[in-house]
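The values are calculated or read from the model by the stated rules, or taken from the named source; none is laboratory data. Small disclaimer: the values here were computed from a predicted structure and weren't measured. Note: ideal-geometry Cβ built from the backbone for every residue, glycine included; neighbour counts use all protein chains shown.
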Amino acid sequence: MKKLFVFLDNFLYRVIIRNFLKLSKLGYGFVVTGAESGANFEHLYNNRPEGKFIVGRYIDKALLNLPAAHATRGRKEDLKNVLWNEIHNNELTGKKTRVLDLASGGARYLRELSDEHKSGIVESICIDRDRKCVLLGRNLVKTEGIENIKFFRGDIFKLKHLQEFGGKITWRPNVIVASGLFIYFNNSTVENMLKEMFDFLPSGGLSVFSSYETLDTKKLMRKAMSTSSGQQWTLYYRKPEYWRKLLYDIGFQGVNITRDRWQMNNICSARK
Ligand SMILES: C[S@@+](CC[C@H](N)C(=O)[O-])C[C@H]1O[C@@H](n2cnc3c(N)ncnc32)[C@H](O)[C@@H]1O
């Protein structure tokens with residue numbers, strides 16, 4: 001009986017739901033082109049339903065209205081607000097903000113700070129391993145007429161050390177962003193990356209990243225969607241207490257963690 005239930009459950013998610021999802025733009029991206037792609041997140045932020053036929057648009061609308069989708073748009077707003085605040089605090093003391101965005105996708109939260117970038121009080125370098133995301137970012141800043149945001153291709157885990165990467169750029173970031181990144185990696189990988197961020201930042205520099213405590217779409221994502229390497233979309237959910245302790249243990253100060261109204265998304269920021 002249990003085996004039959006498992007078979008039917010798998011059939012429901014892996015055949016029926018997957019094929020329905022493919023009709024919608026977001027569903028197609030999450031099922032076929034690679035769930036983690038920054039391009040899917042641009043569509044999620046745009047929040048304009050698209051899909052094949054009326055049914056595809058209807059499915060897209062339903063996906064874009066899930067609490068998890070609202071929480072993801074909310075994380076972009078929360079992150080943008082932290083960055084906006086840092087940029088203007090730095091401006092007051094005559095300091096330029098230099099942002100390094102790890103796994104940037106289209107870096108929407110930076111692009112939406114277009115006035116700050118245009119005025120030159122902030123400059124950003126965005127790194128993503130996916131060529132399509134890098135081209136997407138470059139095209140978007142061009143069409144939106146935004147200056148001072150550059151996109152480069154790179155695997156942040158193959159840069160060996162952020163210090164080594166630092167040798168290749170002419171400036172040192174005083175803000176390091178990682179949005180939608182740590183959720184894909186286990187604790188030891190995340191802990192090493194945060195230690196590297198700490199070492200790479202100058203004194204007073206800020207680290208900002210996003211994390212999910214949970215998502216209402218966990219099962220759907222795990223069973224029906226796949227990453228670009230064709231694997232199940234398995235994510236690592238973490239509580240604020242984990243981040244708070246880790247950040248203080250590493251040596252960060254002034255840890256600030258936001259929690260959204262769905263208790264799904266956290267934006268964590270901490271200063272060296
Ligand atoms: C969920 S998207 C997040 C995009 C953007 N930061 C945001 O929050 O909207 C994750 C991005 O991480 C990129 N990525 C994943 N692993 C990476 C790695 N090892 N090095 C660089 N980029 C990576 C993917 O290509 C993808 O664009």
Would you be able to tell me the number of residues in region 92-135 that are more than 23 Å from residue 194 (Cα to Cα) and near the ligand (Cβ under 7 Å from one of its atoms)?
1
Would you mention how many residues in region 8-55 are loosely packed, with under 12 Cβ neighbours inside 10 Å and either at pLDDT below 85 or within 26 Å of the chain's Cα centre (by Cα) (or both)?
4
In region 243-272, how many residues are closer than 18 Å to residue 192 by Cβ and surrounded by 15 or more Cβ atoms within 10 Å (Cβ to Cβ)?
8
Qualifying residue in region 48-55 (condition: out of contact with any His (no Cβ under 9 Å at 6 or more places or on another chain), among the small types (Gly, Ala, Ser) and within 22 Å of residue 228 (Cα to Cα)):
yes
Within region 238-267, residues being touching a Lys or Arg at 6+ places or on another chain (Cβ under 8 Å) and not aliphatic (A, V, I, L, M) number 8
If you go through region 52-64 one residue at a time, do you hit one that is in contact (Cβ under 8 Å) with a residue 40 or more places away in the chain, in contact with a Gly (Cβ under 8 Å, 6 or more places away or on another chain) and in the same structural domain as residue 176 (by TED's automatic domain parsing)?
no
Applying the selection to region 230-266, what residues are within 16 Å of the ligand (Cβ to nearest atom), in contact (Cβ under 8 Å) with a residue 60 or more places away in the chain and part of a loop (DSSP other than H, G, I, E, B)?
233, 260, 264
Take region 173-193 and flag every residue that is within 12 Å of the ligand (Cβ to nearest atom), assigned to a helix (DSSP H, G or I) and farther than 20 Å from residue 272 by Cβ.
183, 184, 189
Quick check: is even one residue across region 217-224 assigned by TED's automatic domain parsing to the domain that holds residue 81 and either farther than 23 Å from residue 28 by Cβ or at pLDDT 95 or above (or both)?
no
Selection count where residues are of a type in the set (Gly, Ala, Ser) and part of a helix (DSSP H, G or I), scope region 1-56
6
